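Here's the structure, in structure tokens; my notes come after.
The values are calculated or read from the model by the stated rules, or taken from the named source; none is laboratory data. Bear in mind that the values here come from a model prediction, so they are computed numbers and not experimental data. Neighbour counts are summed over all protein chains in view; Cβ atoms, including those assigned to glycine, are modelled from backbone coordinates with ideal geometry. The area values use the complete protein model at the heavy-atom level, side chains included, leaving out ligands, DNA and RNA. Shrake-Rupley method; radii C 1.70, N 1.55, O 1.52, S 1.80 Å.
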Amino acid sequence: MSMKATGVPGGRGMESGSGVLSVERSGERPLRVAAIGSEGPHHLYLYSVLAGRFDLTGVIVEQGDRWHKRLLRRRRYRDWFYRLVHEYRQKLHGYRRYREAFFAELGPHTPPETVVRVPSVNAPEAARALLDWDPDITIVFAVSILGDATLKAAGTAINVHAGCLPRYRGNQGIFMALYRGDEGNAGASLHLVRRRVDAGPLLAVLHAPVAPDDTEEMVWCRALKGAIDELVDLLGTLERGGTVPYQAQPPGGHAIRNRDRGLRTDLVCAWRRLRRHRLTPYAEWRIERPENGFHSAPSEPDDPSPGSRRRRRDRST
């Protein structure tokens, strides 16, 4: 790999501390970028943007229909059920159609030239392809957790995460921000990929604008488009020979799974919207970067739903 990461004074090394990223390239060749994602409209938009700006060496596509089979094979029946519920929820509320229309309006998306489709990002052929492509940077976007072999083959990898870190790790970060009345922390993050889920050093945290009548899908699409724009700027800096700082995530935060969003949370969120009628508006983007520092988060964000205080009290006894 031609990427190197160096620490800065006060950091604890690349694994969990602070440092800077830089790229060693021969001549004036464009930045070599690989991507690991799936086949959603947001993925296709990312691939098209990367291919139009950099040398997109190839794309690892994790086939979404294999997720259900893997969960069932591992007897993770509860996770399988809530993933299925989430997919039907997207169809029922028209979120999938909105996402397709949102990214389609951003222009025609040129499909990547080199695509390797795999049942899992941890399939051996994924690691082999990454080693063959030898990218300077690998972009990871909305896929399964990378295992050791794929992570090693990817080299320096940047994850595009839907949620403001460290407050909202895992899935459903934007929904949970709106659900908890935490509209100011609805957004997306860019961070280096590490073995722990969404725990790598931060490159940027983007707090998206929220309009009073927004749905979660509107905020999600806006936040992810903004994160991709920020990612392109960051990669452009590396291509021009500059450095990009990263910083360890501050303490706190809460890991969220699909199964943490059930019928009760949806009903409570709907009740809150009916009661307040509108979300708390935030008119402008707010972007946190290492040079300005990142805000810490409570270990468990406030939950306004009925019975939440009782559940926290029960866990503490």
TODO: Taking amide H positions as placed in the peptide plane 1.01 Å from N, state which residues far from residue 163 in sequence (5 or more) or on other chains have amide H under 5 Å from it.
DONE: 187, 188, 189
- [ ] Using only the alpha carbons, work out the radius of gyration and Dmax of region 55-151 in angstrom.
- [x] 15.8, 42
Open item on the list: Per 0.36 nm of contour for each residue apart, how much would the distance between residue 91 and residue 213 grow if the chain were fully extended, relative to their Cα-Cα spacing?
Closed with: 41.9 nm
Task: Sequence of 81, 141 from largest to smallest accessible area, 1.4 Å probe - done: 81, 141
Task: Around residue 106: net Lys/Arg minus Asp/Glu count, Cβ-Cβ under 13 Å - done: 0
Open item on the list: Need the full-extension length gain, residue 100 to residue 25, defined as separation in residues times 0.36 nm minus the C-alpha distance. One decimal, nm.
Closed with: 23.3 nm
Task: Accessible-area value, residue 168, 1.4 Å probe, nucleic acids and ligands omitted, Å² - done: 0 Å²
- [ ] Mind listing the long-range amide H neighbours of residue 168? Cut-off is under 5 Å, sequence gap 5 or more, other chains count too, H placed in the peptide plane at 1.01 Å from N.
- [x] 254
Task: Paired Rg and Dmax values of region 200-282, which use every Cα atom, in angstrom - done: 17.1, 52
TODO: Please calculate the 1.4 Å probe accessible area of residue 225, with all protein chains present, and give it to the nearest 10 Å².
DONE: 60 Å²
Task: Point-to-point label distance, residue 69-residue 295, nm (Cα→Cβ direction, 7 Å offset) - done: 4.4 nm
- [ ] Enumerate the calculated ³J(HN,Hα) couplings along region 182-189 in order (Karplus 6.51 cos²θ - 1.76 cosθ + 1.60, θ = phi - 60°), each rounded to whole Hz, writing x wherever the residue is Gly or Pro.
- [x] 10, 4, x, 10, 9, x, 8, 9
Task: Under-5 Å amide H pairs with residue 58, H placed in peptide plane, nonlocal only - done: 35
Task: Net lengthening on full extension, residue 134/residue 115 (0.36 nm per residue, minus Cα-Cα) - done: 5.4 nm
